[in-house]
Structure formats: C-alpha cells, structure tokens
1. Quick one: what pairs do we get from segment 182-204, first residue under 17 Å from HIS170 (Cβ atoms), second small (Gly, Ala, Ser), C-beta under 6 Å, 6+ apart or different chains?
2. In segment 69-89, how many are outside any strand (DSSP E or B) and either surrounded by 13 or more Cβ atoms within 10 Å (Cβ to Cβ) or among the basic types (Lys, Arg) (or both)?
3. Looking only at segment 149-168, decide whether some residue is touching a strand residue (DSSP E or B) at 6+ places or on another chain (Cβ under 6 Å) and outside the structural domain of ILE189 (by TED's automatic domain parsing).
Amino acid sequence: MAKKRRDVGKGIKAILSNIDSEVNETPEIVKELAGSIANIPVGQIEVNPYQPRTEFNEEALEALSQSIKVHGLIQPITIRRLEKDKYQLISGERRFRASQRAGLTEVPAYVRLVNDQEMIEMALVENIQREDLNAIEVAITYQRLIEECKLTHESLAERVGKSRTNVTNHLRLLKLPPEILQSVRRKEITMGHARALVGIDDLAFKFGLFRKIINEDLSVRKTEQLAKEFLEKNNSEKGNKAKKELPLEYKDVQKRISDHFGAKTQIKLGKAGKGQIVLNFNSTNDLNRILDIMENE
C-alpha cells in the first residue's frame, strides 16, 4: 500500500510538473520566435477583428496573388500567438488574403508579444502608413486611435510621425456632412477642398459651394477664396446687426428722448461704455424748436 501511495504521489507531482510546463510553454515559444521570421501554417492564422481596413480592391488582390504564386510572399505578415497552434493577424491582411488565394500552405510571419490594446494600436498605426488611404480614412483611423488607445492629439502625432496640425486638420474633416465625406472618399474632391468647406457653418452655402466645386472643377485656391469672401461678408453682417441691436434699457432711453423733444433720436454705443446721442431735425425752425425746449428746462 505504501508503495502505491508513493506512486500516486509521484503521479501527482508529475501532473503538476506537466502543468507548469504547459503554462510556461507559450511565452517561451513566442520569446524564441519574437524578432525572427517563422513559417506559420495558413490554417493556424485568424484575421484581426480590430482590422481598420474593411475594403480590399479585388483586381489589386488578384494581381498580388498571381505575384505570390510566382515569387512567394516577399514581405512577411505580423502576427501574435493566442494559444498552441493558433495565431492572430496584427498587420498584413491583404498579403495574407492574397497568399490564401495563391494556395500557400505556410506564410512567413513576425511573431509579436502584444496584448489586445497594443494590437489595436499596432494595427491602426500600420494602417495609417498605407499610401492609398484617402483623407477620410486617415481621419477615421486617427479618431479610433484617440478613442480606443486613449491618446491625445500630441501623443498620436508622435506615434504616426505627423505634426499635431496634421492630426487636427484631419479630425476636423469628420464634422462634414456624409455626402461631402463620401465625395472625399471617392476622391471627387481633395482634402484641400474639404478643409475649406469644413469652416463654413451655413449649410446652404456649404452645399452650394460643394456642388460648384464638382460642377465647375474649382481649384482649391478658388474654393478657399470663395469661402473666405463668404465668411468675411457673413461676419461683417453679423457685426453690423450686433451694432444696430440696442439693449432694451438703451431703447427705452432712446424712446424717452425722442418723445420729449418730438424728434427722431438714435443712441449709438461704442466701446468701454462710450457712445453718441443723435437728435435729428428737419429744418432750422425744427432745430430752434428743440433749442427752445432745452432752454426752458
């Protein structure tokens, strides 16, 4: 019986030893693979659920697939290890899809040690480096990085290697109406056109100028000029309206003076509490009448 107990004890110790081995297996394997390129079976790789890119050009994908059939996958994809024989894409989904289409059973890959948060950031930052992104796709990716990775404009600019102004200008584009955003996506208008439109609050003029850009093929400079002229005129009209609009207490004083002298009266307000009272008269006799009232008081 004693021997049996020792065997049982030995068995438990062996089981615990195996558990320790299995627990430590993943990081050791990944550490060994990290920094080098490994050939990973295609069937063991799943796509990135955080992938910012949702559309892939079929013709370009087929062309890349044909190239891979001839030359193989030259640029490795980047993945992370989830568990034994299971990996997840971080970047390179277009290359991965083309490799599948080309019939590859294995693909070269960098294996990285990253958590979910780091994976999101890596995928988004890698996506932002693509040359074929339009301004709206860039803006959306910037917004995702800010919201999902808790980045400020400054830290985001550092991560993507752009200026803070570049980041801010792209993010402002997301304030545009959907129709105009789609036009930028389709590259019917440029980011320069869109930046001129985003500064206009008047929707009627915004859409009018947008249609003018499309119909008359306006340059960015001309668009900026028209936008500037509208804003200056609009601000001037608002300023004049604000000047003409007297506070109620001043209107009351204006009416009392007008009633007292029987003449049209205007109060013009200036800065720092200064102003003018303008008393109108229609003739010399009218002026003398007003003077008589003043002298009798």
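The values are calculated or read from the model by the stated rules, or taken from the named source; none is laboratory data. The structure presented is a predicted model; accordingly, all values stated were derived computationally and were not measured. Every residue, glycine among them, receives a Cβ derived from its backbone with ideal geometry; neighbour counts consider all protein chains shown.
1. If the second residue must be small (Gly, Ala, Ser), the pairs left are VAL184/ALA135; VAL184/ALA194; ILE189/SER183; MET191/ALA135; ALA196/ALA227.
2. 4
3. no
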